[in-house]
Amino acid sequence: PSGLRGIAMDDFEVEFDFEDELNADVGGQPTEAPQSMPANARKNYRQTVCRHWLRGLCMKGNNCGFLHQFDKQRMPTCRFYAKYNECKEPDCPFKHSLEDVKDCNMFKLGFCIHGPNCRYRHAPTSQPPATVAEAALIGRPGHLHGAPSHMQRYQMALAKQQSEAGRE
């Protein structure tokens, strides 16, 4: 390598296999969400600027669900502001408000395992938290889905057997 002294890296022609895809993005992203996306996901499609694109690191190109153009009104919330309620970066391009941060569902139930490190908002509620018994049902069959739980199905089958046995 002693023969390479005095040669700058700019003198070498180096290409990477992903450069063609990155350069293909320059024309702009499609604005319509793919029809294969669920309707509830389509409403948020490219509404927020891609934080990876801002740093030049987004590898998804036109397949990215976030916006690849600088728009101050559509910037994501600053992570430092969301976490510490302050940002010390003088030229921070991100939003410094918590209006777009979603409420923490676990905090609404009365306890969030992430505590102050949670990425969601811990907004005070006017109603008391759910009881332990109610909170334990969340995510189980029968809760919010309308499907009976295992125990409910067992009890219904048992009652059906008893009523059929009584008719005979």
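Taking the criterion of being open to solvent by 60 Å² or more (accessible area, probe 1.4 Å) and in a loop (DSSP other than H, G, I, E, B), the residues of the range 82-111 that qualify are N85, E86, K88, E89, P90, D91, H96, E99, D100, K102, F111. Scanning the range 66-119 for residues that are under 26 Å from E32 (Cβ atoms) and touching a helix residue (DSSP H, G or I) at 6+ places or on another chain (Cβ under 8 Å) gives F66, L67, H68, F70, P76, K95. The residues in the range 42-60 that are surrounded by 12 or more Cβ atoms within 10 Å (Cβ to Cβ) and either farther than 21 Å from F94 by Cα or free of Cβ contacts under 8 Å to residues at least 24 places away in the same chain (or both) can be counted, and the count is 9.
Among the residues of the range 112-129, those identified as at pLDDT 80 or above and in a loop (DSSP other than H, G, I, E, B) are C112, I113, H114, C118, Y120, H122. Please specify each residue of the range 21-58 satisfying the condition of being assigned to a helix (DSSP H, G or I) and either at pLDDT 70 or above or basic (K, R) (or both). Residues satisfying the conditions are A39, N40, A41, R42, R51, H52, W53, L54.
The values are calculated or read from the model by the stated rules, or taken from the named source; none is laboratory data. Bear in mind that the values here come from a model prediction, so they are computed numbers and not experimental data. Cβ coordinates were reconstructed from backbone atoms using ideal geometry, including for glycine residues, and neighbour counts include every protein chain displayed. All accessible areas refer to the heavy atoms of the entire protein, side chains included, with ligands and DNA or RNA removed. Shrake-Rupley method; radii C 1.70, N 1.55, O 1.52, S 1.80 Å.
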